[in-house]
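Comments concern the structure below.
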Amino acid sequence: MKSRWVALAFIAIAQLMIALDATIVSIALPSAQAALGASDADRQWVVTAYTLAFGGLLLLGGRVADFAGRKRAFLIGLGGFALASVIGGAAPNFTVLVAARAMQGAFAALLAPTALSLLAVSFTQPRERATAFAVYGSIAGSGAAIGLLLGGALTQYLSWRWCLYVNVPIAVIAAVGGSIVLPASSPRIRPKFDVPGVVLATGGLVALVYACTEAVRFGWSSAIGLLGASLVLLALFLAREARTANPLLPLRILADRNRGATYLTVALSIAGMFGAFLFLTYYLQVVLRYTPFQAGLAFLPMTVASQAGSWLIASRLMPYVPPRALMAPGAAVAAAGMALLTQLNVDSAYLTLVMPAEVLLGLGISCVMVPAFSIATQRVDPREVGVASATVNTAQQIGGSLGTALLNTIAISATAGYVGARAAAIVHGFSAATAWGVAILVLGALVAGILINAPRPTQKGG
């Protein structure tokens, strides 16, 4: 009994490392660029290399975890991530830094679904499951904000390199603890991978994520070819999976109404939330002239609200209400937070506008993510929990990439068309884009409310 909760602590530490890395390097990017002499055009590769490898290899990572054994995959993922972090922190030039970030993404693609699948198979009772997924969901919902705070502090008071080195002690703690308390799982005897499926899925997801990064840099017109290639590759992947004997992604996982709707809700919610991170980061540092540490500190209310939503609302209500009773209102509350951000102007007060918006976003998204992680891995064959976990992580990656690209493109276009001072034009662009963010989150609320019909966990079949 106690060993499962101790194991949860080390699984949570590993998930925190992954969640932190989504933003901790971003806030250090200006310093890293100056130190290594990278151009403005190339600097985005520090972020892109990670997201491409992470998003493109998630399904493969989930399948490897199912075949190789979860404990073994967990420890390999931690070791590889730590090694990549050391290489990146010590990078003598920009090329090595980008390569290390791609390596981090590849091992994160193994570690993320493994951590979630360990949770799913360890906690099956409704109340215990609610608590365990509250831990996981609170980290997923607040990790990005914590990353901004920690990244700002490390960059300002130590060095940008510590934004990578910091992963090493975290990984060591998780690995040592995990090696002691995690139960050993037997690898599957049949280690046959759907190699064509791996190529098609990885190619399709990489093309999709890369198309999003190109759209951020040059507009959607530059990404049409990549988007088309992604759709073709993913369509071929689905056709392949329907016929092969050993699919990378068994289509029954997607065909389940509640899982499919959950994946879509997660993608939409993360798409809206990442827009807020992007705009607030620039608003605080460029318009309000906050230092990196001050900007990170300004995200603290979102982190606190996310924790409160996970522990005081989601984990307490999950055993007693249907999942959509949490997820649909949660997405609606997050939409209300985004709606507040449409009122931004050059001299908006942080305490009366930005902070309330952050609180609503943190509360809302946590109430979406905690039950979403649980539904995504419920009633799945134990031999396929890894790939089910990878699929919800893929939904997060795709949602974040598409949302950032879409909202950033809208913001840039609105800024370019605004006649006035530069700061006012930037804020106008942010306000225009956040209005679309509201629409995305409202759509997420509708999907959760209409399509998810899973009963409360204490009911039969829950």
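Quick one: which helices (runs of 4 or more DSSP H) sit completely within region 247-350 and have at least 3 residues that are among the β-branched types (Val, Ile, Thr)?
Here the list reads 257-282.
Can you find, within region 306-333, the residue that is farthest from residue 407 (Cα to Cα) among those that are of a type in the set (Gly, Ala, Ser) and at pLDDT 90 or above?
If we take residues in region 306-333 being of a type in the set (Gly, Ala, Ser) and at pLDDT 90 or above, then 325 is farthest from residue 407 (Cα to Cα).
Residue by residue, here is whether (1) touching a Pro at 6+ places or on another chain (Cβ under 6 Å); (2) buried (at least 19 other Cβ atoms within 10 Å of the Cβ) holds:
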| residue | (1), (2) |
| --- | --- |
| 401 | no, yes |
| 407 | no, yes |
| 413 | no, no |
| 425 | no, no |
| 434 | no, yes |
| 438 | no, yes |
| 445 | no, yes |
| 448 | no, yes |
| 454 | yes, yes |
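Select, from 336, 372, 405, 433, the only residue that is modelled with pLDDT under 80 and within 22 Å of the chain's Cα centre (by Cα).
Of 336, 372, 405, 433, the one residue that is modelled with pLDDT under 80 and within 22 Å of the chain's Cα centre (by Cα) is 405.
What are the pairs, 6+ residues apart or on separate chains, where a residue within region 83-105 that is at pLDDT 90 or above has its Cβ under 8 Å from a residue that is among the acidic types (Asp, Glu) and assigned to a helix (DSSP H, G or I)?
Pairs found: 104/21.
Restricting to helices (runs of 4 or more DSSP H) lying wholly in region 2-73: which have 3 or more residues that are crowded, with 24+ Cβ neighbours inside 10 Å?
In region 2-73, the matching helices (runs of 4 or more DSSP H) lie at 2-21, 45-68.
Any residue at all in region 378-399 that is among the hydroxyl-bearing types (Ser, Thr, Tyr) and over 17 Å from the mean Cα position of the chain (by Cα)?
Taking every residue of region 378-399 in turn, none turns out to be among the hydroxyl-bearing types (Ser, Thr, Tyr) and over 17 Å from the mean Cα position of the chain (by Cα).
The values are calculated or read from the model by the stated rules, or taken from the named source; none is laboratory data. From a predicted model like this one, the values you see are computed outputs, not experimental measurements. Quick reminder, even Gly has a Cβ in these numbers, built from the backbone with ideal geometry, and neighbours come from all protein chains shown.
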